[in-house]
Amino acid sequence: MFKEFKFFPEQASTLAGEVDLLFYFLIAVSVFFSSLIFFLIYVFAVRYRRRSEDEKPQQIPGMLKLELAWSIIPLILTMIVFVWGATIYFDSYTPPKDAMEVYVVGKQWMWHIQHPTGQREINELHIPVNQPVKLTMATEDVIHSFYVPAFRVKKDVVPGRYTTMWFEATKTGEFHLFCAEYCGTKHSAMIGKVVVQEPAAYQDWLSGGTQNEPLEVIGEKKFQQFACQTCHADKPNSRGPSLVGIFGESIKLQNGQSVVVDEEYIRESVLEPNSKVAAGYKPVMPTFKGQVSEVSLLQITAYIKSLAKGGSN
Ligand code: CUA
């Protein structure tokens with residue numbers, strides 16, 4: 001009966017050990033000071049108890065050393081926790097450059113996942129072991145939260161923007177995936193699993209799917225379906241800027257500012273085309289809000305990204 005009872009989920013990512021160590025440190029500090037305080041309450045209660053009816057306590061004017069000690073020691077401890085925690089935080093929020101990209105869309109009440117190679121899955125995420133994986137996440141409706149306890153990662157998926165998270169699994173196996181943000185009637189059913197495989201097994205899985213068109217190819221079709229290329233043609237005097245080689249670059253805007261072309265900017269430019277117009281172009285693009293789903297947006301983004309690799313339009 002107690003075999004199944006665990007205080008902590010399994011540690012299955014590079015981050016898990018670090019997060020747990022910090023957590024253990026916080027528990028240890030709390031236990032130490034709680035015990036010390038309880039112990040001193042008893043010691044003082046006995047040592048300084050009132051010994052006779054007419055005893056009058058003496059006024060104590062204060063003790064500089066003691067006051068310095070109880071100010072400086074907590075300061076040091078909280079600074080340790082701050083620096084340590086911030087280090088893990090920044091680490092967990094900065095995906096490594098070589099991370100494999102996977103696209104996640106949450107909707108009531110499931111997780112829709114797309115791999116760059118075109119595989120799609122529902123409520124399951126297959127990934128290779130010992131490989132950093134970056135998730136770019138969007139939602140079709142309300143806030144959800146992508147939570148894998150064994151990896152010690154959780155990130156809200158918020159309407160109107162992309163959020164990203166990354167992890168590197170260190171063990172093969174199956175791990176729980178939860179939605180950790182109340183999102184309606186079947187929130188509790190919005191669960192799944194992360195399947196971590198050996199690289200070879202993962203390759204097998206990739207080639208075993210039926211829908212094997214790479215994401216950027218699907219994206220190119222959507223790009224044409226929405227007739228994006230009529231304005232965003234890669235030739236002079238087009239109505240819209242060329243998108244070739246644009247991803248990851250910094251571009252000038254009409255208002256004199258500049259912006260780096262990333263997933264977020266592409267998404268915004270499709271849905272709110274007039275909010276950040278590229279310099280030298282007129283704000284003539286219509287919005288595609290309500291016409292293009294988050295899933296399609298991610299595919300179109302993958303296509304635009306692929307143009308940056310030196311593809312042609
Ligand atoms: Cu989605 Cu809770």
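Every number in this text was worked out from the coordinates using simple rules, so none of it is lab data. From a predicted model like this one, the values you see are computed outputs, not experimental measurements. FYI the Cβ positions are ideal-geometry reconstructions off the backbone, even for glycines, and counts take in every protein chain you see.
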Between residue 229 and residue 86, what is the FRET efficiency for a Förster distance of 45 Å, r being their Cβ-Cβ separation, to the nearest 0.05? 0.50
Could you work out how far helix 199-208 tilts from the main Cα principal axis of the chain, as a 0 to 90 degree angle to the nearest 10? 40 degrees
Residue 7 versus residue 98, label points 7 Å from Cα toward the beta carbon: distance in nm? 3.6 nm
For labels at residue 251 and residue 284 in the simple 7 Å Cα→Cβ model, what's the distance in nm? 1.6 nm
Hey, with R₀ at 25 Å, roughly what FRET efficiency would residue 117 and residue 189 work out to, going by the Cβ-Cβ distance, to 0.05? 0.30
Starting from the amide H of residue 253, placed 1.01 Å from N in the peptide plane, find each other amide H under 5 Å away whose residue is 5 or more places distant or on another chain. 258, 259, 279
Would you calculate the convex hull of the Cα atoms in the chain and tell me its volume per residue in Å³? 236 Å³
In the neighbourhood of residue 288 defined by beta carbon distances under 13 Å, the net charge of the other residues (Lys, Arg +1; Asp, Glu -1) is 0
Distance cut-off 19 Å, Cα to Cα: go down the list 107/186; 193/221; 155/305; 107/276 and report the pairs above it. 193/221; 155/305; 107/276
MRE, 222 nm, helices only [DSSP H, n ≥ 4, -39500 (n - 2.57), over the chain, to nearest 500]: -12000 deg cm²/dmol
Which of the lysines could a cross-linker span from residue 56 if the Cα-Cα distance has to be under 27 Å and same-chain partners fewer than 8 positions apart are dropped? 65
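Once Rh for segment 237-295 is found with the Kirkwood sum over Cα pairs, what is the Stokes-Einstein diffusion coefficient at 37 °C and 0.692 mPa s, in µm²/s?
Using the Kirkwood radius from Cα pairs, D works out to 273 µm²/s.
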Among 162, 265, which comes first, then next, by fewest other beta-carbon atoms within 10 Å? 265, 162
Pairing the Cα long axis of helix 215-225 with the longest principal axis of the chain, what angle in degrees results, from 0 to 90 and rounded to the nearest 10? 50 degrees
Quick check: the angle from helix 64-93's long axis to the longest principal axis of the chain, C-alpha only, nearest 10 degrees? 20 degrees
Quarter of Cα convex hull surface for segment 167-214, i.e. mean projection, nm²: 5.1 nm²
Per residue of segment 229-240, what does 6.51 cos²θ - 1.76 cosθ + 1.60 with θ = phi - 60° give for ³J(HN,Hα)? Whole Hz please, x for Gly and Pro, Karplus curve as stated. 6, 4, 9, 8, 7, 8, 8, x, 6, 6, 6, x
